[in-house]
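Shown next, in structure tokens, is the structure this report addresses.
Please treat every number below as a calculation from the coordinates, not as lab data. Because the structure is predicted, anything quoted here is derived from the model rather than measured. No Cβ is skipped: glycine too gets one built from the backbone with ideal geometry, and neighbour counts run over all protein chains shown.
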Amino acid sequence: MIYFDNAATTALHAGVLEAMMPYLQNNYGNPSSIHALGRKSRAAIEKARKTVAKHLQASVGEIFFTSGGTESTNTALWGAVRNLGVQHIISSPTEHHCVLHTIHAIEKYHPVQAHFLPLLPNGHVNLQRLNELLTILPPGRVLVSLMHANNEIGNLLPLQTVSEICVKHNALFHTDTVQTFGYYAIDLSRIAIDFLTGSAHKFHGPKGIGFLYINHRHHIDSMLQGGSQERNMRAGTENLYGIVGLGAATELAYANLETDSRHIAMLKQYFMQQIKQALPQVTFNGDAEGQSHYKVLNIGFPPELQADLLLLNLDIAGICASGGSACSSGVDVGSHVLQALGVHPQSVNIRFSFSKYNTIAEIDTAIETLCNVLRKAATKPAPPLV
Ligand SMILES: Cc1ncc(COP(=O)(O)O)c(C=O)c1O
């Protein structure tokens, strides 16, 4: 099996599993219990919190564990509206659905106006428009929610620039770093961010665990009621082994960041070079050769390549890739990101996303498979028009 779907989820690191095992077996105490076993669990949670805080240059009191990126984003957006007086949310049409659907849900229940920024031709958000919009909206009443890296096309947002624009106009800033925490150094002592979301399963941690950073100046209500866990921010017995796994995955990701990022970036470059040589007709969606996440490559196969069954054939050949955002897989709807980019509706688009475990040999196999499948498709007569 060749796994090129690392923007959807990643393999659990062996060291993460090792760190989690004691908490799945012998150290099963409830972190709220005051006996020895409970205290052991509490200490493990606080150690993980310290790790996440350290790598964000934040304080431990600003980190809250949740079930993942989706819950963290929901908590931040609903909280900003309910508790911080937000009346306008500025976002972009290429955000993950955990942002877009949450904004639409909030609009149903609160007098909040949503504004979606236009995109530049390379898929980046038009920041000049952000600046203009913030000039006319009431200061102190706006939340800007923009993702650090797009999960489908990899486009990277300049966090520092957006943060400075928000500070200048007294707007709150939430950023979804689900695809970048564990892959890029993010220093919150230098970049002013109000809310930031992360998720363990994108960087070789377990699924169902993530975190929300809330700047210490803000107090918002919990999404869940029924317990005082996470300093009253998230009711329910903590996902102990998940939190331990998140801490271990964070430690490992940042300890090897330079080596791993160099390897993954090299794989992406190699894939781009090789596929351009083999199939010069393909295009890269987004700003693949510019400000782009080093693990994500979204390739457009134009209609003349007859690539309709390409993803299926890759799957049959044991190569896992994605036809858009993983979170919508299994649902037969087009990608809202590629639509917003104005990608040709008849083109076939496949996202390849890499990890430290991938190799050059795997890329060679994938490109050979792609070429074989497309060669076969080209020799078949086109179906009759109906
Ligand atoms: C950019 C982005 N945000 C949020 C999420 C949701 O994260 P989670 O799966 O932890 O809920 C994903 C998952 O695909 C994502 O790629």
His216: net charge of surrounding residues, Cβ under 13 Å, Lys/Arg +1, Asp/Glu -1, itself excluded?
0
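Residues with beta-carbon under 15 Å from that of Leu133, excluding Leu133: net charge, scoring Lys, Arg +1 and Asp, Glu -1? Mind dumping the intermediate values first?
Numbers: positive: Arg129, Arg141, Lys168; negative: Glu132.
Residues near Leu133 contribute +2 overall.
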Taking the 0 to 90 degree range and rounding to the nearest ten, how far is the long axis of helix 240-255 tilted relative to the main principal axis of the chain, both from C-alpha atoms?
60 degrees
Computed label-point distance, nm, for sites Ala378 and Tyr357 using a 7 Å Cα→Cβ extension:
3.4 nm
For segment 267-273, take each phi angle, set θ = phi - 60°, evaluate the Karplus expression 6.51 cos²θ - 1.76 cosθ + 1.60, and give the result in whole Hz per residue in order, putting x for glycine and proline.
4, 5, 4, 5, 4, 4, 4
Ranked by how many other beta carbons lie within 10 Å on average, peptides 286-295, 61-70 from highest:
61-70, 286-295
Between the helical axis of 97-109 and the dominant principal axis of the chain, each derived from Cα atoms, what acute angle in degrees is found, rounded to the nearest 10?
60 degrees
Just add up the charged neighbours of Asn150: K/R +1, D/E -1, any other residue whose Cβ is under 11 Å from the Cβ of Asn150.
-3
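So between Glu107 and Leu37, what do we pick up on full extension, going 0.36 nm a residue minus the alpha carbon distance? Before the final figure, lay out each step's value.
On the way: separation 70, 0.36 × 70 = 25.20 nm, distance 4.48 nm.
Length difference between fully extended and current span is 20.7 nm.
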Reference-scaled alpha-carbon Rg (2.2 N^0.38 Å with N residues) for the chain:
1.03
In nm, spacing of pseudo-spin labels at Cys371 and Asn232 (7 Å Cα→C-beta vector)
6.4 nm
DSSP bridge orientation in the chain - percent antiparallel, rounded to nearest 5
55 percent
5 Å is the cut-off here: which amide hydrogens, built 1.01 Å from N in the peptide plane, fall below it relative to Ile319, excluding neighbours closer than 5 in sequence?
Ile2
Quick query: amide H of Phe284 versus all other amide H atoms, modeled in the peptide plane; which residues come in under 5 Å with a sequence gap of 5 or more or a different chain?
Gly300
What list of ³J(HN,Hα) values in whole Hz, one per residue of segment 186-194 in order, does the Karplus curve 6.51 cos²θ - 1.76 cosθ + 1.60 (θ = phi - 60°) give from phi, with Gly and Pro shown as x?
10, 10, 6, 7, 10, 10, 7, 10, 8
Given Lys50/Lys356; Lys202/Lys376; Lys54/Lys295, the pairs whose alpha carbons are separated by over 32 Å
Lys202/Lys376
Using only Cα atoms, tell me the angle between helix 69-84 and the longest principal axis of the chain; keep it within 0 to 90° and round to the nearest 10.
50 degrees
Amide hydrogen neighbours beyond the local backbone of Gly182, cut-off 5 Å, H modeled
none
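If packing is taken as the average number of other Cβ atoms within 10 Å across a peptide's residues, how do 12-24, 254-266, 200-212 rank, most packed first? Kindly include the intermediate steps, with their values, before the conclusion.
Working: 12-24: 16.9, 254-266: 14.8, 200-212: 25.8.
Output ranking for 12-24, 254-266, 200-212: 200-212, 12-24, 254-266.
Below 8 Å between Cα atoms, with a sequence gap of 6+, how large is the relative contact order for the chain in percent?
Values: 717 pairs, mean separation 89.6, N = 386.
About 23 percent, as a whole number.
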